[in-house]
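Below: one structure, written as structure tokens.
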Amino acid sequence: MLLVHFLRDQLGMTGTHIGCDTSQCGACTVWLDGDAVKSCTIFAVQADGHKVTTIEGLSTGQKLHPMQQAFHDEHALQCGYCTPGFIMSAASLLKRIPHPTDEDLLHGLEGNICRCTGYVNILKAVRRAAEIASNETRDDEAEK
């Protein structure tokens, strides 16, 4: 059984979407031990003993993750089907590259496809999330 089917059908984590079953669209992106992976390319048994984070686990209580908030604020979706995968990929990208260039963004998100938007607001949202995270880091440092 593929991880995406296990998450959706066995655990009820339906925020992870099945888009293509060929690893082309990125709608099924989750984190495996903190790294973005396409869950349609991994057997569920391979994830046994590893930490799997889905879009449902990204927020903290009622507070959205900065990437989720930025996607909301920048209207970075239309139908929303690809959104969880984009958010998981983009948040992973910002963990690796906190201040991405436009080239970093394009390269880091190339494994995700949106069939509705022109990607402009998606890129704006990722830039906004990077700004939010940078401000939070500065605020944390100022408190010390």
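The values are calculated or read from the model by the stated rules, or taken from the named source; none is laboratory data. Just so you know, these numbers come straight off a predicted model, no measurement behind them. Cβ sites come from the backbone with ideal geometry, for glycine too, and all protein chains shown count toward neighbours.
General remarks:
- Residues that are of a type in the set (Ser, Thr, Tyr) and in contact (Cβ under 8 Å) with a residue 40 or more places away in the chain were ranked within the range 24-57; the one that is farthest from Thr83 (Cα to Cα) is Thr54.
- Residues considered: Lys63, Lys38, Lys51. Of these, the only one that is among the basic types (Lys, Arg), at pLDDT 95 or above and under 25 Å from Arg127 (Cβ atoms) is Lys38.
- Options Ala133, Ala91, Ala125, Ala142; residue that is modelled with pLDDT under 95 and under 20 Å from His65 (Cβ atoms): Ala133
- Gly26 touching a strand residue (DSSP E or B) at 6+ places or on another chain (Cβ under 8 Å) and either not in a helix (DSSP H, G or I) or not polar (S, T, N, Q) (or both): yes
- Here Leu32 meets the list (1) farther than 16 Å from Glu56 by Cα; (2) at pLDDT 95 or above almost entirely, failing just condition (1).
- Scanning the range 73-90 for residues that are of a type in the set (S, T, N, Q) and either closer than 13 Å to Thr54 by Cα or without any contact (Cβ under 8 Å) to a residue 12 or more places away in the chain (or both) gives Thr83, Ser89.
- Given (1) modelled with pLDDT under 95; (2) in contact with a Pro (Cβ under 8 Å, 6 or more places away or on another chain), index of the condition Gly15 fails: (1)
- Here Phe86 fulfils each of the conditions (1) out of contact with any Ser or Thr (no Cβ under 9 Å at 6 or more places or on another chain); (2) in a helix (DSSP H, G or I); (3) among the aromatic types (Phe, Trp, Tyr) apart from (1).
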